[in-house]
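First up is the structure itself, then whatever we jot down about it.
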Amino acid sequence: MSKNLSLESLKGHLFEALEGVKNLSDPDASDCEKTSIQQAKQIVDLSGKIIDIYKVQLEGVSLAVKMDNIASAKSIVTSLGIVDEQSIKQLE
């Protein structure tokens, strides 16, 4: 399982799925290079869920930025998993 959980990684997977669907009509493409329509739909559905998570996290960051209390802001961003405790300690 990949440890790269970034939006850039997600974009890469989506483009790979697109290429796989395009390869369905290529007689020279191997089965490993093909992505079925059903698989592509599942990938898109899961990607939408991941994007929704990022949206919620961004809303949390937006709320944290508006707060005057830095301790509360830290609590929000760490509890949402946006920034871990270790990263915050490095910034202090």
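The values are calculated or read from the model by the stated rules, or taken from the named source; none is laboratory data. As the structure is a prediction and not an experimental result, all values here were calculated from the model. Every residue, glycine as well, gets a Cβ built from its backbone with ideal geometry; the counts of neighbours run over all protein chains shown. Surface areas here come from the heavy atoms of the whole protein model, side chains and all, with no ligands, DNA or RNA. Shrake-Rupley method; radii C 1.70, N 1.55, O 1.52, S 1.80 Å.
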Exercise. On the full set of protein chains, 1.4 Å probe, figure out the accessible area of GLU59 and give it in Å² to the nearest 10.
Key: 120
Quiz item: Using a 1.4 angstrom probe and counting only protein chains, how large is the accessible area of LYS74 in Å², to 10?
Solution: 70
Quiz item: What spacing in nm lies between the two simple spin-label points modelled at ALA71 and LYS22, each 7 Å away from Cα in the Cβ direction?
Solution: 5.5
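In the structure displayed, which of LYS11/LYS74; LYS11/LYS49; LYS11/LYS34 lie more than 23 Å apart, Cα to Cα? All intermediate terms of the calculation are to be shown ahead of the outcome.
Details: LYS11/LYS74 29 Å; LYS11/LYS49 14 Å; LYS11/LYS34 18 Å.
With Cα atoms farther than 23 Å apart: LYS11/LYS74.
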Practice problem: Of the options THR35, SER25, HIS13, report the single residue whose Cα projects farthest towards the positive end of the charge dipole of segment 1-53 (beta-carbon charges: Lys, Arg +1; Asp, Glu -1). | Solution: HIS13
Practice problem: Could you calculate the FRET efficiency of LEU58 with SER36 from 1/(1 + (r/R0)^6), where r is the beta carbon distance between them and R0 is 30 Å, rounded to 0.05? | Solution: 0.40
